Structure formats: structure tokens, C-alpha cells
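Student: Have a look at the structure that comes next, please.
The values are calculated or read from the model by the stated rules, or taken from the named source; none is laboratory data. Worth saying up front: this structure is predicted, and the values here are computed from it rather than measured. Here Cβ is always computed from backbone atoms with ideal geometry, including for glycine, and neighbour counts include all displayed protein chains.
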């Protein structure tokens, strides 16, 4: 089957710190003065403050250009009639900095000493965090951290300039104790720290301001327009046949985890598979009879691992795509090898990852691997904490190791493909998906999209968006903490319609500000 692919279309730009600096340099090379960029950035911050209706503003200014943006905002707000105070505990340490500072003071802003910041923050309607933005490379200075601590204690709304002070631009780690922002105004493009946790939790509402920087796609990060991926599926024609509408074989389930096989198969049906066969141990098969699936019981070996019988091997050979792993428990490598030998695209999930490793970690270009952080850590020989703080590096390493596509599950699920330097960020999905079985639903969705003819990377990218949208629908109807995996599966059909109509998550960044 010829795999259908989508042309690369990027809706949101994400730049690393170096890519952001390169955009600045390109803008200046094309005739846009650095002073103009700072003026435009400060103007965007001032607009965000005015939207909050603030008449009294405290600006916390760092010593560099992020602080310069804050001084510009202070000048503009003072000229517009606001009462503005500025705390700059580290002074001004960049070219032209004193000029920006003098202009703000000339417009009526006043400087407050660091020891009175708590009083000033309590006085203010809004605090501007213009301390440290893109490129922070060391821990925050104690004097500046003390000012942030006072701002936090005051509890006022905070507008962050580019990034909340104290976060690492590129890996989303913390280099201090940031103050959570109500709004973060960034420039030209998002930064990885707006996407990656723990830093992302401090950003608040995201606003991407156009200040005249060139719109250039970064090499490290991508965000999809999911409606273009949905359009690849098309509609079933009037002459459709169940075997040509996506024939999927699912090897899943065990005595303890029969539900995983059921959820995976149910999600496959809701995603549009025309024919779903589930190969599962007899102890699990008897619990799946109520589902709209073809269930083929399989034997187990003397330690309880599924063994593919002749009918199971035939089912794998007939399939357009195969899912191996959800709820399967310890997996015999020969089971996975049967799927690999067919040449069919496959989803390798849960304990099937260990079986892949036991096969000698063969490159599998037609496979989509779907680890969570713990499983990724085991394959990489590291610990989950490292994966959590180096998610892009982990996803890229796994993609090159497997030779296929990797879906690294978790907050802001990432998709990486071997040979592609970019990592795709899924913006849909929230804590409602942090419940047992939602990974099984995702595996069934990816498998169905492969069976329906999508290329592995596109199938993975669409599935994570679609899965997140279904979770959002369930949370909207039931309440976030009441959502179960079956609730997500049952909303897959409606979520497709919403994606096709251009749905975006509630926390989708505002652009062109």
C-alpha cells in the first residue's frame, strides 16, 4: 500500500535560543535596527499590561536586553498615564541600556530600591517580569531571586517578557524559582521553554508578538496544523469494503490487563478501522466478547506469555497494520518478530519495547514506538528523571536507535522520526489523559491510521492531536478528573470533526499581538 503523506505545514514557530539570536541578526542584516526591535517588543508588553487594566505598574528589570524591553514598556506606560515604578537590582549592563533607562525616567517612571520591592509589588496592579528571557545560561543571582520572591509574595498578576525569569530556554528546566506569569509575551516565535515542563507551567497565557523578526522555521521543533493531517483520511467511498477500510490486528491483553486489549480495539473502531482482530490469551478473550471486535484467543507458554498460534500468525499476515503490546505483559520476542517479518507497519507499545530490545534492537522504519518516560528510560539505559528533563534529546535518540518513529508520551507528547532533526510537539491533551488505559487508546488510533494508509510519522502526529482533542471533549463534558480511557475512546469520532473544523486547545497561543 502506498503511504499517504502530508506536506509540511507549520502553524506555530518554535525557536531555540540560538535560532532566536539568528532571527535578530537576520532582521538587522535586512535593515531593521536592534533599537527598533526593542522598541517594538516593549510596545507589545505595554499593550498586554493595558489589556489587564493596570494603572499602577511595577517593572522588574534585568541587566540585559530583556530588561531593556521592560524599560521601553515602562516609558510607554508612563506616557499613557500609568504610574510606573522600576526595580533593577542588577543595574543596566548592555549597550544603549542607560539611554533606555533615562528615557523611561524622563517619561515619569521612578526607580525603587530592591529592599522595598515587596511594598511596591503590593502597591502595583500588575508586575512586569523583564528580568531574564531567551538565553539564560546560569542560575539567577541571589539579589534578583530575592526580588522575584517578593513579587511572588505580593501575589499580583505578572506579565513576563519573553520567558518567566529563571527558566532554561532550550530544555525547559529551572535555573531559579520563577514567578508564575499570568501572561507571557514572547517575540517572533515560541521558545522550547513555553512547551516543555516544568518551565511551561510558569508561562500562563502565551502571546506571540510580531515585532518585525523574519518568519523562519526552526530546525529543532515543529507544531502541526492537525486539520491538514485529518484531510489525508478522506471519507469512506460508497463502494468501501471492510477489508479495504483499514484492517488492523491487535496483539494485546493478558489475564491481568484484558481491558487494555479492549480499549485498543475499541479506539481502532472509533478511528475508522473497517476490521479489527484482537489476538489475546483465552483468559482475556472471554472478557472482550461484548466489543465490536473479532477476538481470537491464543495460547500462553508456561510462564503466561502469549504464543501466536497458526490462526494468529495468519491474522498478522493479513493485516494492513499491527499493534503489539498494550496490556500484553512480558512479551515473547518471536511474537514481535512475526509482525516485523510481514513488512507491515506496526505500533510497538508497552512491554513489546522490551521484546524489540531482546531481538537485538533492529531498525524498523515502518514502526511507531510509543513509550512513556519510564519505558524510554529503560530502553536508553538511563533514568526517568533524565528523560523528563531532556525530552527532545530522548525522543531523538530513540528515533535514531529504532530507525522508525517515536511517540514519547507525557505532558506535550513529542513525535520524532529517524533522519528528521525536527521534533513535533503535540499541543492537545491535558491532565485528563493521565489515567490508566489512555495509552492503549492512543496505540489503537495510531495503528488504525497506519492501516488506513498514512505514513508512520503522519499517523503518529495526527493520532496524538486527535487523542488530545478527544480527551478535551471528555473533560469538557465530564470534568477533568472524571475522565476515563473509555470516555476518550467514545469521543474519537466527534473529535475528528472538531479537528477538521480547525479546533485548537484553550491554551493555544495568541499570535500577531
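Student: Kindly indicate whether residue 181 is in contact with a strand residue (DSSP E or B) (Cβ under 6 Å, 6 or more places away or on another chain), in a helix (DSSP H, G or I) and surrounded by 17 or more Cβ atoms within 10 Å (Cβ to Cβ).
Tutor: So residue 181 does not fit the description; no.
To keep it simple, each residue is scored yes or no on (1) assigned to a helix (DSSP H, G or I); (2) surrounded by fewer than 18 Cβ atoms within 10 Å (Cβ to Cβ); (3) at pLDDT 95 or above.
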| site | (1), (2), (3) |
| --- | --- |
| 365 | no, yes, yes |
| 379 | yes, no, yes |
| 393 | yes, yes, yes |
| 398 | yes, no, yes |
| 410 | no, no, no |
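Student: Residues being within 19 Å of residue 443 (Cα to Cα) and over 36 Å from the mean Cα position of the chain (by Cα): count how many of those fall in region 313-329.
Tutor: 0
Student: When you scan region 31-50, do you find a residue that is out of contact with any helix residue (DSSP H, G or I) (no Cβ under 8 Å at 6 or more places or on another chain), touching a residue at least 60 places away in the same chain (Cβ under 8 Å), part of a loop (DSSP other than H, G, I, E, B) and farther than 30 Å from residue 454 by Cβ, even just one?
Tutor: We begin by selecting, within region 31-50, every residue out of contact with any helix residue (DSSP H, G or I) (no Cβ under 8 Å at 6 or more places or on another chain); these are 31-33, 35-36, 40, 44, 47-48.
Still in the running and touching a residue at least 60 places away in the same chain (Cβ under 8 Å): 32, 35-36, 40, 44, 47-48.
Among the residues that remain, those that are also part of a loop (DSSP other than H, G, I, E, B) are: 32.
Applying the additional criterion that residues be farther than 30 Å from residue 454 by Cβ yields 32.
Yes, that holds for at least one residue.
To keep it simple, each residue is scored yes or no on (1) surrounded by fewer than 24 Cβ atoms within 10 Å (Cβ to Cβ); (2) assigned by TED's automatic domain parsing to the domain that holds residue 346; (3) touching a helix residue (DSSP H, G or I) at 6+ places or on another chain (Cβ under 8 Å).
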residue	(1), (2), (3)
202	no, no, no
234	yes, yes, no
249	no, yes, yes
262	no, yes, no
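Student: Look through 117, 127, 151, 86 and report the one residue that is modelled with pLDDT of 95 or more, part of a helix (DSSP H, G or I), touching a strand residue (DSSP E or B) at 6+ places or on another chain (Cβ under 6 Å) and closer than 22 Å to residue 185 by Cα.
Tutor: Values: 117 fails: closer than 22 Å to residue 185 by Cα; 127 fails: part of a helix (DSSP H, G or I); 86 fails: part of a helix (DSSP H, G or I).
One residue alone meets the criteria, 151.
Student: Would you confirm whether any residue within region 54-76 is assigned to a loop (DSSP other than H, G, I, E, B) and more than 24 Å from residue 183 (Cβ to Cβ)?
Tutor: Of all residues in region 54-76, those assigned to a loop (DSSP other than H, G, I, E, B) come to 54-55, 62-64.
Still in the running and more than 24 Å from residue 183 (Cβ to Cβ): none.
The answer is no, given that none of the residues of region 54-76 is assigned to a loop (DSSP other than H, G, I, E, B) and more than 24 Å from residue 183 (Cβ to Cβ).
Student: Here is a further query. Filter region 57-72 down to the residues that are touching a helix residue (DSSP H, G or I) at 6+ places or on another chain (Cβ under 6 Å) and over 15 Å from residue 35 (Cβ atoms), then identify the one that is surrounded by the most Cβ atoms within 10 Å (Cβ to Cβ).
Tutor: Let us first name the residues in region 57-72 that are touching a helix residue (DSSP H, G or I) at 6+ places or on another chain (Cβ under 6 Å), namely 57-61, 68-69, 71-72.
Filter again for over 15 Å from residue 35 (Cβ atoms), leaving 57-61.
Values: 57: 28, 58: 30, 59: 35, 60: 30, 61: 31.
Among those that are touching a helix residue (DSSP H, G or I) at 6+ places or on another chain (Cβ under 6 Å) and over 15 Å from residue 35 (Cβ atoms), it is 59.
Student: In region 351-363, how many residues are modelled with pLDDT under 95 and surrounded by 23 or more Cβ atoms within 10 Å (Cβ to Cβ)?
Tutor: Of the residues in region 351-363, 0 are modelled with pLDDT under 95 and surrounded by 23 or more Cβ atoms within 10 Å (Cβ to Cβ).
Student: Is it true that some residue in region 116-127 is under 30 Å from the mean Cα position of the chain (by Cα) and buried (at least 17 other Cβ atoms within 10 Å of the Cβ)?
Tutor: yes
Student: Hey, among the residues in region 491-505 that are surrounded by fewer than 17 Cβ atoms within 10 Å (Cβ to Cβ) and touching a helix residue (DSSP H, G or I) at 6+ places or on another chain (Cβ under 8 Å), which one's nearest to residue 231 (Cα to Cα)?
Tutor: Among them, the one singled out is 500.
Student: While we're looking at this one, here's another question. Out of the residues in region 491-505 that are assigned to a loop (DSSP other than H, G, I, E, B) and more than 17 Å from the chain's Cα centre (by Cα), which is modelled with the highest pLDDT? Walk me through how you get there before you give the answer.
Tutor: The initial filter retains those residues of region 491-505 that are assigned to a loop (DSSP other than H, G, I, E, B), namely 491, 501-505.
Add one more test, that the residue is more than 17 Å from the chain's Cα centre (by Cα), and what stays is 491, 501-502.
Numbers: 491: 98, 501: 94, 502: 93.
Among residues in region 491-505 that are assigned to a loop (DSSP other than H, G, I, E, B) and more than 17 Å from the chain's Cα centre (by Cα), the one modelled with the highest pLDDT is 491.
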